[in-house]
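Chemist: Before I ask anything, here is the structure I am working with.
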Amino acid sequence: MTASTKPPRFKRILLKLSGEALMGEGKYGISPKTLEQIAQEVRDIVKLGVEVGIVIGGGNIFRGVSASTEGMDRASADYMGMLATVINALALRSTLTKIGVEARVQTAIEMKNVAEPFILGRAIRHLELGRVVIFAAGTGNPYFSTDTTAALRASEIGADVILKATKVDGVYDRDPNTDPNARLYEHITFTEALAKRLQIMDSTAFSLCMDNKIPILVFDMNKPSNIRDAVLGRKVGTLVCNELEPK
């Protein structure tokens, strides 16, 4: 870090990526170009001394909820979705390793020939040593989303913030795709978000973040440098936090 570089606002983060984010311009699977772009942005913040945990969805390969609505047993569908997150996690780990970033995959479902089991103390030690930890296979239980996984792991590792990467540049009062007058929030409290019924995370995940006082920063991951700008405390996306926290 150079003398002119602003120190990071957040020391330890949990980056939440959707599986669809890995598709790039495709309609299915993993885009190597997009994967490399994400890995490079993660490398940039690791170089700043930020400790990085990551949770990735599996929707680019399989969506358990969608399958269950078409007649598949919900529990089986959710387990299949968890396995899809492992595929994504292994792909990201491989790409990070290729560009010189140490990374580990920890899974909530034991598969010792593929990845480490999730062990909290070991995960924290990896983070302290500057390794990126990718949490895969959800919580290990059906009926829970990867949003909930992100909130749970962030709470467990003591993350300063959840960076929720999306396809829009923050949280709006209305759908910006259908209403040109939709207003972007720069900052909103958990209570306000609940009152306005804003869909930021599912209710279980949102409650976990609110109860454990973990801010959520919602931002557009398609804009280069947004992750770096977010950890440096620059104006990016929408910050959702408790009333007592500064705007």
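The values are calculated or read from the model by the stated rules, or taken from the named source; none is laboratory data. Because the structure is a prediction, the values reported are computed rather than measured. Here the Cβ is made from the backbone with ideal geometry for all residues, glycine too, and neighbour counts use every protein chain on show. Quick note on the areas: whole protein, heavy atoms, side chains included, nothing else; ligands and nucleic acids left out. Shrake-Rupley method; radii C 1.70, N 1.55, O 1.52, S 1.80 Å.
Chemist: Which lysines does LYS47 reach when only Cα atoms under 19 Å apart count, and residues fewer than 8 places away in its own chain are ignored?
Modeler: Correct list for LYS47: LYS6, LYS11, LYS98.
Chemist: Under 12 Å Cα-Cα from LYS213, which aspartates and glutamates qualify once same-chain neighbours fewer than 8 residues away are excluded?
Modeler: In chain and number order, the partners are ASP160, GLU243, GLU245.
Chemist: Given the Cα-Cα distance of LYS27 and LYS223 and 0.36 nm per residue of separation, how much length would full extension add, in nm?
Modeler: The LYS27-LYS223 span can extend by a further 68.6 nm.
Chemist: Of the residues GLY237, GLY140, GLY71, which exhibits the maximal mean-square fluctuation in a Gaussian network model of the chain defined by a 10 Å Cα contact cut-off?
Modeler: Judging by the Gaussian network model, the answer is GLY71.
Chemist: Moving to a separate point now. From Cα coordinates alone, what are the radius of gyration and Dmax values for segment 136-238 in angstrom?
Modeler: In Å, with Rg to one decimal and Dmax whole: 13.9, 41.
Chemist: Right, here's the next one. Where only protein heavy atoms count, and the probe is 1.4 Å, what is the accessible area per residue for segment 105-239 in Å²? Show your work: numbers first, answer last.
Modeler: Values: 6430 Å² over 135 residues.
With all protein chains present, segment 105-239 gives 48 Å² per residue.
Chemist: Could you compute how fast the chain diffuses translationally, taking Rh as the Kirkwood radius over C-alpha pairs and applying Stokes-Einstein at 10 °C with viscosity 1.306 mPa s? Give it in µm² per second.
Modeler: Details: Rh = 18.2 Å.
Translational diffusion coefficient: 87 µm²/s.
Chemist: Rounding to the nearest 20 debye, state how big the charge dipole of the chain is about its Cα centre with +1 on each Lys and Arg Cβ and -1 on each Asp and Glu Cβ.
Modeler: 680
Chemist: Moving to a separate point now. Over the chain, with every protein chain in place, what whole percent of the accessible area is carbon and sulfur at 1.4 Å, could you tell me?
Modeler: Details: 6120 of 12100 Å².
Roughly 51 percent of what the probe reaches on the chain is carbon or sulfur.
Chemist: Quick one: if you stick a label point 7 Å off each Cα along the C-beta vector at GLU36 and ASP175, how many nm between them?
Modeler: Taking the two extended label points, one gets 3.6 nm.
Chemist: Given points 7 Å out from each Cα along the Cα-Cβ axis, report the TYR143 to ASP44 separation in nanometres with one decimal.
Modeler: Taking the two extended label points, one gets 4.2 nm.
Chemist: Stretched out fully, how many nm does the piece from GLU20 to GLU110 gain, at 0.36 nm a residue minus the Cα gap?
Modeler: So the chain would gain 29.9 nm between GLU20 and GLU110.
Chemist: Considering only DSSP beta bridges where both residues belong to the chain, give the percentage that are antiparallel (nearest 5). Walk me through the intermediate numbers first.
Modeler: Details: 5 of 33 bridges.
If we restrict to bridges inside the chain, about 15 percent are antiparallel.
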